[in-house]
Amino acid sequence: MDRLAKLAEETAKLDDRLSACMKCGTCQSVCPVFAESMRESDVARGKLSLLSDLAGKITSDAEGVRERLDRCLLCGSCQAACPSGVDILGAFLKAREISAKYLGLSPVKKLIFRAMLCNPKLFSLLAEVSAPFRGLVMRRQNDAPKTMRSPLLSPLIGDRRLPELPPETARQKFGDYDSPAGKSGIKVLFFAGCMGDKVYPNVTEACLKIFRVRGVGVRMPSSLACCGIPALASGDADSFKKMLSHNLSKLEGEKFDYAVTACASCTETIEKFWPQYAEGRQKEQAERIAAKTLDISAFVADVLGVEPAKAPAERREKVTYHDSCHLAKSLGVRIQPRKLIEANPGCELVEMREPDRCCGCGGSFTLTHYGLSKKIGGRKRDNIAASGAETVACGCPACMMQISNMLALNGDAVKVEHVAEIYARSLGD
Amino acid sequence: MPESSILKDFKKLLGAENVLDAEPDRLSYAYDSAVLPQKIPAAALMPERAEQIGEIAALCHKNSIPMTVRGSGTNLSGGAIPDSEESVVILTQKLNRVLEINSGDLYAVVEPGVVTANFAAEAAARGLFYPPDPGSQAVSTIGGNIAENAGGLRGLKYGVTKDYVMGLEFFDSAGSLVKTGSRTVKCATGFNLAGLMTGSEGAFGIISKAILKLVPPPRASKAMTAAFADVRAAADAVAEIIASHVLPCTLEFMDSVTVNMVEDDAKIGLPRDAAALLLIEVDGHPAQVADEAQTVERILREGGARGISVARDDAEKNKIWEARRKALPALARRRPTIVLEDATVPRSKIPAMVSCIGEIAKKYGLLIGTFGHAGDGNLHPSILCDRRDPEEFARVESAIDELFRRTVEMGGTLSGEHGTGTAKSKWLELETSKATLEYCRALRRAADPKGLLNPSKVVAY
C-alpha cells in the first residue's frame, strides 16, 4: 500500500470524531483565525470535513489538507463552543500526528524537538552558554514591555520583539530545589517548564516566593525536560513520548501533594496528554500526577485560599487580565487568576473586551504563520489598549511573549506580567 | 469546470487571494448544515465590495456558469450546496458592514454578509431592537436570513425576517443592479420585489444591500416554565394564553425525550416525568408585563400545569433559557447525525403533531426528540441517527416522508423556517399544486433566462 493510502486509512480511524460534527458552523463565531481570513477551511467544521474527505479518498491532496490543518492555534475556542461536543483538539492532534508520520516533519522542527527538547541537558547548556553572547545578535529596545529585537535573526523571526532574556536560568539560580512543607503542611512539585526556566525565571522565582510565604514545601528537580506540547502539537508523538518518559522516570519516587505549574500549556499537557500518551507501567504514574496537577492560581485560590485586599492602596495600578486559552477554555480556570490580582492592594482589576479571545500565539503557530498571528494579536493588543490598563496579567508565558511583542510593536506603554508575579509582590517576605 | 482563462478573469477582478480554486478549498464549500450529499464547486469567490457581486454575475452570465450564493453556510435544507461541479460559490462574508443605523427613522442599512447576532448587538448598542433570532444567529448572515426567510424564537409576537425587510438592492443573473423598497415605513412604488426576494433561496438575484426595520426594545420581560403531564393540556394552555390576547415573545416547547436528554447532560433540575415542558417569556412595558405574566400564570395553573416556576431575576431567567439552549446540543450529542426538521402545523394541531411524531418514531424504530416554537406551531422533530448506517438512514428517510405527508394532511407546512432547498423540494407539489410549480418555473425563466441562479433549489429550473 502506498503512503497516501495508508495516510487515508489511518485518518479513517478518526471517523467517529469526524462524523460527530453536525456541520452547524458555530465554530465560525469563535475562531480567531477565521475572523481574519473568513475561510471555511480555517474553522473546525471545514477542517473536520477535509479530514473526512481525505479518509474517504475524495481528495488525495494530503499536503493541501495538512497546510490548512496547520492554520490553527489549537486554542480550543471551537471545542468549548461546539454544540455537538466534538473532540476537535483530539482529532486535530491525531491528524497532525498522521501527517507527520506519512508526510514528514520540517527539518527545523525535527532539530528543535529531537535534538534539543529531547535532550534537556543540551538545551539547558545552550541557554546557559549563549547568555554572554546575546549582545551580538540582540538589540535592546526601550519599549515598556522589556523586549529586544534581532536584526541578525530577522530572516527567521521577522520584526518580532523578544523578551529581554535573563542573565541566568531558573535552573542556574535555584539548582535542584527541595524545601520542606511549612505551616500549610503541603508539599508541591513545581514544574517550571522551558519558558519558566529559560525565558521568565522571574515567574518561577515569584512562584517559589508564594510557596515559601504560604508555608508550602517545594520540589523542583533540575533534570526535567520540556512537557512535550511543542512536539505533540506538531504531530511528533515519538518525541513527545520521549520527553514524557524522561520526565516520568525523573519523577519516580518523588512525593508531593500537588503538581503545580505557572504555564497554562504545561498544566493542560500534564493533566490531559501525559496520561493519554504514557505507556506501560508509566501510565498509572502519569494518571496519578495528572489528578494532582493544578495551575498556580488555581492552587493558590482553591487550595490555599486567597482574600481580596483589605485596604486598597490610594494609588492603584490598573491591571487587566488576559485569559489564556489553555487555562480558561480547556481547564475552566477563569476566576482564580482574577482573585490573585484582587488580593494585591496596589492593583485594580479592569476587564478588557473579549478577555478570553486568543492572543494569536498558538505555540509554533506564531513562528510558522507570523502574519496571521500578528493580525490576531493585533485585536488582543487593541482590547488591552482600550481597557486603559497599565499592566496586562497573564497565566501563561507563551501568551506573555506574544502580547509583549504586540505591545512593543505598537509602542504601547503597558507592562506584561504573570499573575503569580503580581500576587507575589503583595506578600511580605 | 470553468476554463483557466475564466478563473484568471475572476482573479483579476477579485485578487488572487479571493478566488479559492485549490481542491481543498473547493471541498470546503461543498456542503452546508443540511444532512445531504456534498457537491464540489469549481471555485469559491470572495467579493470584498458589493459592486463586485455584479461583476462576478456578469462574468458568470457571459460564460454560463451557475452560481450559488453562500453566507455562513448554516442552511438546513441544502440551499447553499452548489448545484453542479461547474458552479461557483459566491461568498458574502467579507461584505459585512453595517452601513447605517437610523434611530430617528428606525431602520438600518446593511451588507449581506453581516452576522445576524452582531447586527442585533450593534442595534442594541444604539438602543434599538432587531427581533428575528434564528437558532444560528451567532453565525448566520442577514443575506442568508433574507434568502431563507429565517424565523426564530420570537416569531409569534415579532414575526420573522420577512417582516423586517423594508428594501433591497440585488444583482440579477446578468449582473445588473435592481432596487426595490425604501427607507420609509410605507412604500407602494413598483412591484414588491423585496417580498419576492425574501425566501427566494438564491433563485432570483443576489442580494447586495438590505434596508431593515428596527423597533424600540421592550423595557421589561418575565420568564417562566411549566411542566405538563400530557401534551394536550400544554397545547390547550398555549391556545388559552393566545385566546386571552397575550402574545408572549417566546413560547417554547420541549417533549419528554428532549427534557430527559437535557437533564442527562446538564442536570439543571428539569422535571423528568413531564410529557411537555413550556418555556414562556412575556415582554413589553413593565406594567403590561406584570399584568400579562399574571394572566399566563393563572392559565397555566388552571390548565393543570405542575411546578410552575417564575424567574425572579435575570439569573433565574437565564437558567430557564439555558434549558432551551441546551436542547439542540443535548440531542446532537446522543448520536453522530441529527436530522433537524421544521415541519409546522397550526397551533391547535400541536398535540396531533406530537402524537404523530411519537407514532412515526415507534413505527420506524427511531429516536426522535422534539422541541420548538409552540406559539407558532413550528416544532423541530429531531431524528437522532448515524448516516453512515444505510439501513438506519433508509428508515430515517421513510420517516421524513411520512412526517411531511401527515403534516400536510393536518393543514401544516413543510418548512416553518429552514427553507425548501433540495431537501424538501420533492414534497412541494403535495402541499401546493402542479400549477404552483409551473408558475415558479415561469418566474425563474423570466428572471434568469440562462438558469444560472441556484438552479436545482426549491423548484428546479
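Key figures
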read-out	value
Percent of C-alpha pairs per 10 Å bin, the range B:190-338, short to long	10, 32, 25, 21, 10, 1
Delta accessible area of at least 30 Å² on complex formation, residues of the range B:313-337, 1.4 Å probe, chain isolated as reference	B:ALA332, B:ARG333, B:PRO336
Value in Å of the Kirkwood radius, where the range A:165-228 supplies the Cα pairs that are averaged	11.8
Minimum 30 Å² accessible area buried by the other protein chains, the range A:21-39 residues, probe 1.4 Å, relative to alone	A:MET22, A:LYS23, A:CYS24, A:GLN28, A:SER29, A:MET38, A:ARG39
Accessible area per residue in Å² at 1.4 Å probe, computed on the range A:381-429	30
Surface accessible to a 1.4 Å probe, B:VAL339 within the full protein complex, Å²	10
For the range A:151-204, accessible area per residue (1.4 Å probe, heavy atoms of protein chains only), Å²	47
Gyration tensor (alpha-carbon) shape descriptor, chain B, a/c threshold 1.5	prolate
P(r), alpha carbons of the range B:338-461 - 10 Å bins starting at zero, rounded %	13, 39, 30, 16, 2
Cα-based equivalent ellipsoid of the range A:1-153: semi-axis lengths in Å, sorted from largest, via gyration tensor	36, 22, 13
Within-11-Å neighbourhood charge of B:GLY143 [Cβ basis; K, R +1; D, E -1]	0
Partner chain coverage, peptide B:18-28 - average Cβ within 10 angstrom	6
Solution diffusion estimate, µm²/s, Stokes-Einstein, the range A:197-328, Kirkwood Rh from C-alpha pairs, 10 °C, viscosity 1.306 mPa s	97
Cα radius of gyration and Dmax for the range A:19-106 (Å)	12.3, 35
For B:GLY411, net neighbour charge (Lys/Arg +1, Asp/Glu -1) across residues whose Cβ lies under 12 Å away	+1
Accessible carbon and sulfur surface of the protein assembly as shown relative to its total accessible area, %, 1.4 Å	52
Alpha carbon Rg of the range A:288-395, scaled by the compact-globule rule 2.2 N^0.38 Å	1.19
Taking the range B:338-418 and dividing mean pair separation by its residue count, relative contact order in percent (alpha carbons under 8 Å, at least six apart)	43
For the range B:33-139: Kirkwood Rh in Å [reciprocal of mean 1/r, alpha carbons]	15.3
The range A:125-258: C-alpha gyration tensor shape, a/c 1.5 cut-off, then a/b vs b/c	oblate
Rel. contact order, % - alpha carbon contacts under 8 angstrom, at least six apart, the range A:269-308	35
Proximal lysines relative to B:LYS157, as straight alpha-carbon distance under 20 Å, when same-chain residues fewer than 8 apart are discounted	B:LYS213, B:LYS222, B:LYS317, B:LYS349
For the pair B and A, total buried accessible area rounded to nearest 100 Å², probe 1.4 Å	2400
Fraction of the pair-distance distribution of the range A:1-59 above 18 Å, Cα-Cα pairs, percent	40
Computed over the range B:1-91, Kirkwood Rh from alpha-carbon pairs, angstrom	12.9
Packing-based order for B:222-228, B:100-106, using average beta carbon neighbours within 10 Å, highest first	B:222-228, B:100-106
Whole-number Å³ per residue for the convex hull built on Cα positions in the range A:68-163	166
Peptide ranges A:27-39, A:417-429, B:262-274 listed from the most packed, as the mean C-beta count within 10 angstrom indicates	A:27-39, A:417-429, B:262-274
P(r) of the protein assembly as shown over all Cα-Cα pairs, binned every 10 Å from zero, in whole percent	2, 11, 19, 22, 20, 15, 8, 2, 0
Pairs from B:LYS11/B:LYS39; B:LYS8/B:LYS457; B:LYS162/B:LYS186; A:LYS183/A:LYS209; A:LYS23/B:LYS326; B:LYS11/B:LYS62 whose Cα-Cα separation, in the structure shown, is over 25 Å	B:LYS8/B:LYS457
Cleavage-rule hits (GluC sites (Glu not before Pro)) in the range A:300-367: DSSP loop, at most 10 neighbouring Cβ within 10 angstrom	A:GLU314
Mean separation of Cα contacts under 8 Å (6+ apart) over length of chain B, as relative contact order %	15
Listing of the range B:31-53 residues, each with accessible area lower by at least 20 Å² in the full protein assembly than in the chain alone (probe 1.4 Å)	B:TYR31, B:SER33, B:GLN38, B:MET46
Residues of the range B:128-247: accessible area per residue with a 1.4 Å probe, Å²	40
Computed over the range B:24-67, the ratio Rg/Rh where both radii use C-alpha atoms and Rh is Kirkwood	1.04
Descending principal axes extents, chain A, alpha-carbon based, whole Å	66, 50, 48
Shape category assigned to the range B:218-284 from the gyration tensor of Cα positions, a/c cut at 1.5	oblate
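The values are calculated or read from the model by the stated rules, or taken from the named source; none is laboratory data. Note that the coordinates shown come from a computational prediction; the quantities given were computed from them, not determined experimentally. For neighbour counting, all protein chains shown are included, and Cβ atoms are generated from backbone atoms with ideal geometry for every residue, glycine included. What goes into the accessible areas is simple: the full protein's heavy atoms, side chains included, and nothing from ligands, DNA or RNA. Shrake-Rupley method; radii C 1.70, N 1.55, O 1.52, S 1.80 Å.
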